[in-house]
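**Q** Sharing a structure, written as structure tokens. Questions coming.
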Amino acid sequence: MEVAKPGLFLLNIDVSEVPKVDPILEVYDTNGYKLKEGDAGGVGEGESLRNFGVRGPGKFLLRLRSKYKTAGNPDASYDLMTELLAYQGRTEFEPNDQRADATPFELDSIQGVVAPAGDQDWYKVSIATDGKFLLRVDLTGVPGMDLVLTLKDSLGNGLSIADNMGKEQPEVLTGWGLTKDDDHLVVCEKSGKKADSRAPYTLTKKLIAWQAGLEWEPNDSTGTAQSLKVGESVDGYFAPKGDADFYEFNVYQKGVVDFELTGVINVVPVLTLFDQEYRELASSAAAKAGEPVAVSRELDRGTYAVRLRPADPAQNNVRDKYSFRVRVK
């Protein structure tokens, strides 16, 4: 197959079903290097390849074979249909199975498919301007699959994993702070054994300018504790699973300090106070999920930290924010 025009294109291929045959569809470059393999269907089912990225001008080879050498059917023909579309940034640009080939994620949403089995789809989120931004990403569910969404930095190091829900359920990553750089989103099927080229997922992203009063992830360790002034409040999320949020503040005059944390549905929050050496001074948990927590403690001048987390690491809520306030009586 020859692509004569220069530019980026999406190649869609459909192979009709043949009784008794399990087809495998392969795409090669002119040097015989396999670029992509489609093997999502079974015996007597067709095969499809969607949104495979090709760069023109160029030539490509399509290979269609039976999965099992002893299986064939001389009495039934197949139809091989191809479609070439100009790439417009609305779908993944395969191959995007590694960081170097990540699909640019420039629009608000993008679609992709998990195929073949073990497929990992990389997307690049680029911020070209100075400033601080908060990222929210929503991943729709796919029938029969448990999808996992991972955030990685410019070098491919893992930052956060959204694996809160189960099979066929959506995943959400929220509150993560980004600055001028390239970061990556990776979508995969949890088991690595399922695929379906006919069932697309949708990734939707939102970038909002960070401002005081909003949580800035990562803040899940003492080394990344978020600064907070006495008298201020901050809104954040208990998400993903296992999340713990640290806030650090200074007390400039001895007095009684009140800590107030609102309740969040499906979460039993725990508030723990530490001194500057991270020795525990006080801790309190809500009586049940959705209820607030309040702690009062007389503190000397110094630096202190508070850890907020669910009582059960499996508890999380990506929809509802908590509000946390520190004030002196």
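**Q** Does any residue of the stretch 73-91 turn out to be touching a Lys or Arg at 6+ places or on another chain (Cβ under 6 Å) and of a type in the set (A, V, I, L, M, F, W, C)?
**A** Initial filter on the stretch 73-91 (touching a Lys or Arg at 6+ places or on another chain (Cβ under 6 Å)): 73.
The next check asks that each one be of a type in the set (A, V, I, L, M, F, W, C); those that pass are none.
Checking the stretch 73-91: not a single residue is touching a Lys or Arg at 6+ places or on another chain (Cβ under 6 Å) and of a type in the set (A, V, I, L, M, F, W, C).
**Q** Now for a different question. If a residue must be free of Cβ contacts under 8 Å to residues at least 60 places away in the same chain, open to solvent by 50 Å² or more (accessible area, probe 1.4 Å) and within 18 Å of Asp183 (Cβ to Cβ), how many such residues does the stretch 72-112 contain?
**A** 7
**Q** Quick one: would you say Ala115 is open to solvent by 20 Å² or more (accessible area, probe 1.4 Å), under 30 Å from Gly58 (Cα atoms) and not in a strand (DSSP E or B)?
**A** no
**Q** Within the group Lys69, Lys59, Lys5, which residue is out of contact with any Lys or Arg (no Cβ under 9 Å at 6 or more places or on another chain) and surrounded by 12 or more Cβ atoms within 10 Å (Cβ to Cβ)?
**A** Answer to the selection: Lys59.
**Q** For the stretch 189-240, enumerate the residues that are of a type in the set (S, T, N, Q), open to solvent by less than 30 Å² (accessible area, probe 1.4 Å) and either in contact with a helix residue (DSSP H, G or I) (Cβ under 8 Å, 6 or more places away or on another chain) or within 22 Å of Gly302 (Cα to Cα) (or both).
**A** Scanning the stretch 189-240 gives Asn219, Gln226.
**Q** So, in the stretch 172-218, how many residues would count as being aliphatic (A, V, I, L, M) and more than 20 Å from Thr129 (Cβ to Cβ)?
**A** Matching residues across the stretch 172-218 total 7.
**Q** If you don't mind, another one. Only one residue in Gly53, Gly38 is surrounded by 17 or more Cβ atoms within 10 Å (Cβ to Cβ), within 18 Å of Glu83 (Cβ to Cβ) and without any contact (Cβ under 8 Å) to a residue 60 or more places away in the chain, so which one is that?
**A** The match here is Gly53.
**Q** Could you name every one of the strands (runs of 3 or more DSSP E) located completely within the stretch 14-98 that has at least 3 residues being more than 21 Å from Met1 (Cβ to Cβ) and touching a helix residue (DSSP H, G or I) at 6+ places or on another chain (Cβ under 8 Å)?
**A** none
The values are calculated or read from the model by the stated rules, or taken from the named source; none is laboratory data. This one's a predicted model, so the numbers in the text were calculated from it and none came from an experiment. All Cβ positions, glycine included, derive from the backbone under ideal geometry; neighbour counts span all protein chains shown. These area figures cover heavy atoms from the full protein model, side chains too; ligands, DNA and RNA do not enter into them. Shrake-Rupley method; radii C 1.70, N 1.55, O 1.52, S 1.80 Å.
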